[in-house]
Structure formats: structure tokens, C-alpha cells
């Protein structure tokens, strides 16, 4: 039995290839999108209040996104797939079935 196991090919799966792409512990695209929205708010209004409000909004959003990523790092993709589904599907064998 030892011979059969030693003849199997082994391949290493590197952790960097199988981990989700996170930035600051949250989904990379969502963190960058919220940062862009905060920067646009700051530079459009150009007041100290807007700068503080934009920074606070961004920090709150990153904290919420980090909590979301702790539950499921791929939650954004799961949600996008979820909203693409219909609420009900007909009980047919194929979408091209003749009625």
C-alpha cells in the first residue's frame, strides 16, 4: 500500500492563489470605491466639515466591510449572483421547452 501512495503526483496549492483578494481586511473593490466616494465628497465641498465627515464615513464603511469580510470574504460576489436569480422558476425541464 505504501507504494501506491508514493506514486501519486503531489501539487502544492499556494495560499496566495486560493485566498480572496482583500485590502485592509475587506473586499478590495468595495474599499477602493468607498475611498473614492469619500475623496470626491471632500474635494467637491472643500470645507473642514466635509473632510471630517468624509473621513468618518470612510472609516465607518471600512469597519462594516471588514465585518462583512469576516463572515464571508466573497459576500459581494454571492450577493451579485443572488440578485441575478429570478424570484421563481417555471417547473419545466428546459427554458426552451415548447408549451
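Descriptive notes on the structure:
- Where a residue in the stretch 68-82 is closer than 12 Å to residue 25 by Cα and its partner, wherever it lies, is loosely packed, with under 12 Cβ neighbours inside 10 Å, with Cβ under 9 Å and at least six apart: 72/78; 73/19; 73/21
- Scan of the stretch 13-36 for residues that are without any contact (Cβ under 8 Å) to a residue 12 or more places away in the chain and either surrounded by 13 or more Cβ atoms within 10 Å (Cβ to Cβ) or assigned to a helix (DSSP H, G or I) (or both), ordered by number: 15, 16, 17, 18, 23, 28, 32, 33, 36
- Meets criteria (assigned to a loop (DSSP other than H, G, I, E, B) and surrounded by fewer than 14 Cβ atoms within 10 Å (Cβ to Cβ)) for residue 81: no
A short reminder: the numbers here are calculations on the coordinates, not readings from a lab. Because the structure is a prediction, the values reported are computed rather than measured. Ideal geometry is used to build each Cβ from the backbone, glycine not excepted, and the neighbour counts take in all protein chains shown.
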